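Notes follow once the structure below has been shown.
The values are calculated or read from the model by the stated rules, or taken from the named source; none is laboratory data. Note that this is a predicted model, so its numbers are computed, not measured. Heads up, the Cβs are rebuilt from the backbone with ideal geometry, glycines too, and the neighbour counts pull from every protein chain shown. The accessibility values were calculated without ligands, DNA or RNA, using every heavy atom of the protein model including side chains. Shrake-Rupley method; radii C 1.70, N 1.55, O 1.52, S 1.80 Å.
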Amino acid sequence: MSRITAGIDIGTYQIKVVVAERSKKGGGNRAPTILGTGFAQSRGLRHGYIINTRDIARSIASAIEEAERAAGVKIKKVHLAVGGVGLDEIRSYGETLISRADNEATDLDLGKAVDASEEQIRRHLTNRKIIHVIPLKYKIDGETILGRPIGMKGSKLSVETLFVTSLEQHLQDLISVIEDIGISVIDVMASPIAASFVTLTKAQKTAGCVLANVGSETVSLAVFEDNIPISLKVFPIGGTDITNDIALGLQVSLEEAEQIKRGAITNSTYSQKELDRIIVARLSDIFELIESHLKKIGKNGLLPAGIILAGGGSGVTTIEDLAKAALKIPSRRISLSINSGAGIKDSSWAVAYGLCVWGLSEDPEPIGLTFARETSGTIAMWLKQFLP
């Protein structure tokens, strides 16, 4: 018996759909097998936001139909990635008195502490929707707890919580468009976190690393430590900016500039020195933003597993060396080595495939807040995923 799911990544320029299955015979640790993929150019979007519902609906339907033909299955439900500059993080602290007479911390106390941390930021959530709630650090009576706080004794339980949020209208618009074409949205996940399922190892996430997904118009970061995401940020700059700079600086067409950027064509009509100057200037801007964010969260130069570069914009030939020099941490580009004939050619498919890995996981990693879980009554069960 096998389970099948689909993931959809709606980018500013491209829509990607992946259909995958996990067979019971294969064992729980095997990566899901890709049955088919679908691709379409995004129409009706600007900077990730819907400006024409009819156009984006047609684009999504086209990508889904292509994936259905390739996979030989009908897609009725999908896991949806949420990205763009509307994605952001808020950190908060909450505490509660331990309720049991014997002062032993319980799931109920943990849920109350997380609720208290959310209450602290409620005024900052106007027009925003919380899509992930990630407890980062626990304390009992002011003492930091390494590991599981449940069962430990004290009078007060405190928690530092990371809330990943999205613009509510943007999220609702995406879900509505998908459901209007007859597809149900099972769950939503922030794009940088979805990509981490297939781009990062547990060892990297435990030691500490930053996943930088360089898209067309954005660079999204997910910083990991102790196997959980500790920060998430999206910057409004991307691979298209590099292409535009090359087109202007070398006075070539956008199509030729894109090929030059990726090292696909070289000729004597332009100066290699000038090309390098143009690319380095824009990449330096990107890495300055990343370095600034890592400094803000106190992790600059302190991520042993380094920076892992993904996304369509990471194909710039010199990007690894520049990242290493700018951030002073190890740097590498990821390459998705998935079964041949799967229709996945590069790491720009990591988000859609990562959604499938997440959706088919029987032992989910400690991230993700189910879309339907909006009442505090279910938070305690979900929080157990975060405990060792």
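Quick rundown of the values:
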item: Qualifying residues in region 127-168 (those that are among the aliphatic types (A, V, I, L, M) and over 21 Å from ILE228 (Cα atoms)) - the one most open to solvent (accessible area, probe 1.4 Å); result: MET152
item: Cross-chain or 6+ apart pairs with Cβ under 6 Å, region 223-234 first and within 14 Å of GLY83 (Cβ to Cβ), then part of a loop (DSSP other than H, G, I, E, B) and open to solvent by 10 Å² or more (accessible area, probe 1.4 Å); result: VAL234/VAL85; VAL234/THR218
item: Candidate set from region 90-126 (those that are assigned to a helix (DSSP H, G or I) and of a type in the set (Gly, Ala, Ser)); member that is most open to solvent (accessible area, probe 1.4 Å); result: ALA116
item: Any hit, region 297-307, residues being open to solvent by less than 50 Å² (accessible area, probe 1.4 Å), outside any loop (DSSP other than H, G, I, E, B) and closer than 20 Å to LYS324 by Cβ; result: yes
item: Among (1) crowded, with 18+ Cβ neighbours inside 10 Å; (2) in contact with a Ser or Thr (Cβ under 9 Å, 6 or more places away or on another chain); (3) outside any helix (DSSP H, G or I), the one test that VAL252 misses; result: (1)
item: Count of region 67-89 residues which are part of a loop (DSSP other than H, G, I, E, B) and touching a strand residue (DSSP E or B) at 6+ places or on another chain (Cβ under 8 Å); result: 9
item: Residue in region 59-66 that is surrounded by 18 or more Cβ atoms within 10 Å (Cβ to Cβ), of a type in the set (A, V, I, L, M), in a loop (DSSP other than H, G, I, E, B) and touching a strand residue (DSSP E or B) at 6+ places or on another chain (Cβ under 7 Å) present; result: no
